[in-house]
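Okay, so here's the structure we're looking at.
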Amino acid sequence: MNVIEQYQLDGRKSAEIAASAEAAVREGRLLPGAALPPVRELAGALGVSTGTVAAAYARLRDRGVVTTAGRRGTRVAPRPPLPAPEPAPPPPGARDLAAGNPDPALLPDLGAALARVEPASGRYTDGVNLPGLLDLARRWLDADGIPSGHLAVAGGAMDGVERVLTASLAPGDRVAVEDPGYPRVLDLLGALGLVPVGLPLDERGARPEGLERALAAGVAAMIVTPRAQNPTGAAMDEGRAAELRGLLRAHPEVLVVEDDHAGPVAGAPATTLCDGDRPGWAVVRSVSKALGPDLRLALVAGAPATVARVAGRQLLGTGWVSHLLQRLVVELAADAERDGLLDHAAATYAARRAALIDALAASGIPATGRSGLNVWVPVRDEAGVAARLRDAGWVVATGDRYRLRSGPAIRVTVAELSPADATRFAAELAASLTPAERTYAG
């Protein structure tokens, strides 16, 4: 088999070669971590210059599709910025504990709020952000001690994080990220050509010694989840936040981004590493976990320059987040606060996390889940455990998508897991562990 048949790459121009490689990755013919042929070898097979192939690989590298690693050559990135295949649906009758969705029963009534939203279409001359939504943002943020003098509205948490990063960083910059951390953050860094530097975690969030090493390595930015950390459920307390702020104080050039995606339903008090004196910072608070996943809206508070860059770039693209959506969020938030739904949801998720952690502990299985909707369970063979649980009727997420260098585990979403179901799940997880895995797990 020649190199063209083996790798299914073709083209005469660098753009064509890059497009064929991207198609191979997109269609699953080149998997994450797979090696691409050496530049000279592919050039000879295609009958083009080595410069043409090198330019094609540079295009792919700039897009985050491939990485270059010296003697290891050019390989498909672990998380290329291309659509991933939809996961297989849970088997009939299986419980889906992998999706990460909030419990629909704990969300405010969408229909009632929609009935009160004015149907009139907006105009190009309307303001970008509605005063009612900005008032809500300031009330929420001020109550949590987060400066709210400068605000923007983004199309969801990841949209906000991406806008902050692209407004301040350049390809090749290093970014400190939680390890394990949210896969879409890791994917985003690859797509932007940014280099992740892992921050090890404990139940109180990023560990100070890890941040110290990252700062010494010259990171340009840091992305952290102050509470409801996905996947571990870690939550910073004020003591940990003070330690991290102390380290960051000597590095005012580092951009600090906080992804507070669960907000008021996280089940832990808000803490922040950001303050009004830092030149570059942003707190991104989504409404999706509290009010509904389809509400693609997040509030962005930050330093004056950070927010101005985000808002200015938004004006060149989408312009603004739909005013209909902004009105709907204001109505839903009012309903949720009036009926005590946010506090009730936070307390319910906390009880469900505790029930699972206690049930696992009774079986000798340690787990973490200090806040949020997920519990993180270290296991030696995450794929094998997940497969055996699937056979038993439980679908969980394997940890490989969340990890840089941290150990294997499974993530269990507890949002709709009753205490009785938690006891049953813990028993079946214990039964699925081999003796070697049980030694590892406790």
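The values are calculated or read from the model by the stated rules, or taken from the named source; none is laboratory data. Treat the numbers as computed from the prediction; the structure is a model and nothing was measured. Virtual Cβ from ideal backbone geometry, glycine too; neighbours counted across all protein chains shown.
When V395, V379, V385 are checked against the criterion of being within 24 Å of S288 (Cα to Cα) and β-branched (V, I, T), V395 stands alone in meeting it.
With respect to the conditions (1) in contact with a Ser or Thr (Cβ under 7 Å, 6 or more places away or on another chain); (2) surrounded by fewer than 16 Cβ atoms within 10 Å (Cβ to Cβ); (3) not β-branched (V, I, T), P419 lacks only one, and its number is (1).
Of the residues V48, V25, only one is part of a loop (DSSP other than H, G, I, E, B) and either closer than 15 Å to T67 by Cβ or outside the structural domain of A191 (by TED's automatic domain parsing) (or both); which?
Details: V25 fails: part of a loop (DSSP other than H, G, I, E, B).
Every option except V48 fails the conditions.
Name the single residue, out of those in the stretch 245-259 being without any contact (Cβ under 8 Å) to a residue 60 or more places away in the chain and surrounded by 24 or more Cβ atoms within 10 Å (Cβ to Cβ), that is farthest from D144 (Cα to Cα). The qualifying residue farthest from D144 (Cα to Cα) is V256.
Looking only at helices (runs of 4 or more DSSP H) that fall completely inside the stretch 319-392, which ones have 1 or more residues that are farther than 27 Å from T434 by Cα, touching a residue at least 24 places away in the same chain (Cβ under 8 Å) and not hydroxyl-bearing (S, T, Y)?
Numbers: elements: 323-338, 341-362, 382-391.
Those helices (runs of 4 or more DSSP H) span 323-338, 341-362.
Per the listing T232, T306, the residue uniquely in contact (Cβ under 8 Å) with a residue 12 or more places away in the chain, in a loop (DSSP other than H, G, I, E, B) and among the hydroxyl-bearing types (S, T, Y) is T232. Within the stretch 327-345, restricting attention to residues that are surrounded by 22 or more Cβ atoms within 10 Å (Cβ to Cβ) and under 23 Å from the mean Cα position of the chain (by Cα), the residue that is farthest from S286 (Cα to Cα) is A345. Looking across the stretch 296-320 at every residue that is among the hydrophobic types (A, V, I, L, M, F, W, C) and out of contact with any strand residue (DSSP E or B) (no Cβ under 6 Å at 6 or more places or on another chain), the one that is surrounded by the fewest Cβ atoms within 10 Å (Cβ to Cβ) is identified as L316. Exactly one residue among R213, R174, R207 is of a type in the set (K, R), more than 30 Å from V414 (Cα to Cα) and without any contact (Cβ under 8 Å) to a residue 40 or more places away in the chain, and that residue is R213.
The number of residues in the stretch 150-190 being β-branched (V, I, T) and not in a helix (DSSP H, G or I) comes to 3. Looking at R401, is it touching a helix residue (DSSP H, G or I) at 6+ places or on another chain (Cβ under 8 Å) and in a loop (DSSP other than H, G, I, E, B)? So R401 does not fit the description; no.
In the stretch 263-276, the residues that are not assigned by TED's automatic domain parsing to the domain that holds G145 form no Cβ pair under 8 Å with any partner that is surrounded by fewer than 21 Cβ atoms within 10 Å (Cβ to Cβ) and among the polar types (S, T, N, Q), whether six or more places apart or across chains.
Test of understanding: among L60, L42, which residue is over 21 Å from the mean Cα position of the chain (by Cα), under 15 Å from L194 (Cα atoms) and at pLDDT 85 or above?
Details: L42 fails: under 15 Å from L194 (Cα atoms).
The conditions single out L60.
For P90, state whether it is outside the structural domain of A303 (by TED's automatic domain parsing), under 24 Å from the mean Cα position of the chain (by Cα) and not in a strand (DSSP E or B). Show your work before the answer.
Working: outside the structural domain of A303 (by TED's automatic domain parsing): yes; under 24 Å from the mean Cα position of the chain (by Cα): yes; not in a strand (DSSP E or B): yes.
It is true that P90 is outside the structural domain of A303 (by TED's automatic domain parsing), under 24 Å from the mean Cα position of the chain (by Cα) and not in a strand (DSSP E or B).
When A431, A354 are screened for being at pLDDT 95 or above, outside the structural domain of G210 (by TED's automatic domain parsing) and surrounded by fewer than 20 Cβ atoms within 10 Å (Cβ to Cβ), only A354 passes. For the stretch 118-149, residues that are surrounded by fewer than 17 Cβ atoms within 10 Å (Cβ to Cβ) and either in a loop (DSSP other than H, G, I, E, B) or not assigned by TED's automatic domain parsing to the domain that holds R327 (or both) total 13.
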